[in-house]
Amino acid sequence: MSITLKDVAKEAGVSVSLVSKFLNADPSGRMKEETRRRIADTLARLNYRPSPLARSLKLGRSGTIGLVISNLRDPYFALFADRCLKEAKEAGFQLLISPCEFGREAEEEALESLLERRPDGILYGLHLFPGRIAERLAAEHYPILLIDQKSDRFQTAYRDDAPALQAAIALFRERGHRKIMLIHPEYSLWPEVAGSECHKAGMELECRLTVPGREQRLTLLRELCCRKPSALLVNGWHSAYALLQLIEREFPDYEPDMVIDCFLEHPFFQDRRIIARIDGDQPTLVRKSVAALTARINGETTGNIVIPSLFRPSVSPVPDIPNEQELFLLS
């Protein structure tokens, strides 16, 4: 049987309201030091644990934050969710995860499902489409933080790739390239940033949009390999992985210089063709995002978060490329 405030008050010889004020550090709960010690000793002896539900009802909060994110079989999102779990726990919140596939309908369904559970705030790791849900969240000033996207209406946390892309383009130029092929997913900020940096450097940039689906991606990448551009800038580790596999299997004589966007430290991504990696610094992005959201939940005013990406030139290439079984979850 659980211990109640009434049990604690009776055992300590004080009123229920006084125990409640002690637990909530209420400044109006004036009491002698001896009374304070007696309440504290009674709480410890009876092993009293406040009810999370009662506390949330009193404070008007659930003590939870939500996370809308893509497929958890994806190593990037799985690691992102794991880090969010740890940061939320450190901040005193439980994390509710609502995973979904890419696509407007699936993403909006995941967000609606999460909102029904009334979390105190939401980390949104996908693309928030304009429409009914976005309008409602904006009108209610609901604490939501958008990850890896920019917005004029909502608080955001995103990586600043400009310095890293500038370094990548400078490296390509040093190696004698004058034209770069950029492979990027939908909603990527790289075409705009890389285009600006290439223009400054007097270089040409050609952009190719990848599409969801393994076979469609391979068709596009095979077409690019047939053209054999000498400099490749690849935004997204899925495309980088598929491209390297394809080159090794079907185009072994193709030796482009590649700069890839990748957070994994696996030896596979130290292939001899990779001259540098751009790392979005996920640990810092998650830590600052959770801190900003919880601060806003607690009534503090916080601005947008910008995390500089890390530029990591290759040092010692590792020529061996593992198969799909060795490289976990890369599907």
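The values are calculated or read from the model by the stated rules, or taken from the named source; none is laboratory data. Not measured: the values here are computed from a predicted model. Because the Cβ atoms are built from the backbone with ideal geometry, glycine has one as well, and the counts that use them run over all protein chains shown. All accessible areas refer to the heavy atoms of the entire protein, side chains included, with ligands and DNA or RNA removed. Shrake-Rupley method; radii C 1.70, N 1.55, O 1.52, S 1.80 Å.
Data for the structure
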{"read-out": "Of all residues making up segment 191-236, the number that are more than 14 Å from ASP161 (Cα to Cα), of a type in the set (Ser, Thr, Tyr) and under 28 Å from the mean Cα position of the chain (by Cα)", "value": "1"}
{"read-out": "Odd one out for THR156, checked against (1) out of contact with any Cys (no Cβ under 9 Å at 6 or more places or on another chain); (2) free of Cβ contacts under 8 Å to residues at least 24 places away in the same chain; (3) surrounded by 14 or more Cβ atoms within 10 Å (Cβ to Cβ)", "value": "(2)"}
{"read-out": "Strands (runs of 3 or more DSSP E) (entirely within segment 97-196) containing at least 3 residues that are in contact with a Lys or Arg (Cβ under 9 Å, 6 or more places away or on another chain) and within 22 Å of ALA78 (Cα to Cα)", "value": "155-160"}
{"read-out": "Selected residue (only one of ARG83, ARG55 is basic (Lys, Arg), open to solvent by 30 Å² or more (accessible area, probe 1.4 Å), at pLDDT 80 or above and not in a loop (DSSP other than H, G, I, E, B))", "value": "ARG83"}
{"read-out": "Residue match in segment 90-98 (condition: in contact (Cβ under 8 Å) with a residue 60 or more places away in the chain and in contact with a strand residue (DSSP E or B) (Cβ under 9 Å, 6 or more places away or on another chain))", "value": "yes"}
{"read-out": "Some residue of segment 80-102 being among the small types (Gly, Ala, Ser) and under 18 Å from LEU137 (Cα atoms)", "value": "yes"}
{"read-out": "Filter result for VAL306 (loosely packed, with under 15 Cβ neighbours inside 10 Å, part of a strand (DSSP E or B), modelled with pLDDT of 75 or more and not aromatic (Phe, Trp, Tyr))", "value": "yes"}
{"read-out": "Complete set of residues in segment 159-192 that are under 29 Å from PRO212 (Cβ atoms), open to solvent by less than 40 Å² (accessible area, probe 1.4 Å) and among the aliphatic types (A, V, I, L, M)", "value": "ALA162, ALA164, LEU165, ALA168, ILE169, ILE180, MET181, LEU182, ILE183"}
{"read-out": "Every residue from segment 206-262 that is among the aliphatic types (A, V, I, L, M), more than 16 Å from LEU171 (Cβ to Cβ) and in contact with a strand residue (DSSP E or B) (Cβ under 6 Å, 6 or more places away or on another chain)", "value": "ALA240"}
{"read-out": "Qualifying residue in segment 58-66 (condition: farther than 13 Å from TYR124 by Cβ, modelled with pLDDT of 90 or more and more than 12 Å from the chain's Cα centre (by Cα))", "value": "no"}
{"read-out": "ALA138 being of a type in the set (A, V, I, L, M), within 24 Å of GLU300 (Cα to Cα), surrounded by fewer than 18 Cβ atoms within 10 Å (Cβ to Cβ) and touching a residue at least 60 places away in the same chain (Cβ under 8 Å)", "value": "no"}
{"read-out": "Qualifying residues in segment 19-35 (those that are modelled with pLDDT under 75 and on the phi < 0 side of the Ramachandran plot) - the one most open to solvent (accessible area, probe 1.4 Å)", "value": "PRO27"}
{"read-out": "Filter result for the condition that a residue is polar (S, T, N, Q), more than 30 Å from ILE65 (Cβ to Cβ) and in contact with an Asp or Glu (Cβ under 7 Å, 6 or more places away or on another chain), over GLN166, GLN216", "value": "GLN166"}
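Matching residues to (1) touching a residue at least 40 places away in the same chain (Cβ under 8 Å); (2) out of contact with any Phe, Trp or Tyr (no Cβ under 6 Å at 6 or more places or on another chain); (3) closer than 25 Å to GLY176 by Cβ:
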{"site": "MET258", "(1), (2), (3)": "no, yes, yes"}
{"site": "PHE269", "(1), (2), (3)": "no, yes, yes"}
{"site": "ILE275", "(1), (2), (3)": "yes, yes, yes"}
{"site": "ILE297", "(1), (2), (3)": "yes, yes, no"}
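Here is a yes/no grid of residues against (1) touching a Pro at 6+ places or on another chain (Cβ under 9 Å); (2) at positive phi:
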| site | (1), (2) |
| --- | --- |
| CYS198 | no, no |
| GLY202 | no, yes |
| LEU209 | yes, no |
| LEU221 | no, no |
| LEU233 | no, no |
| PRO256 | yes, no |
| ASP261 | no, no |
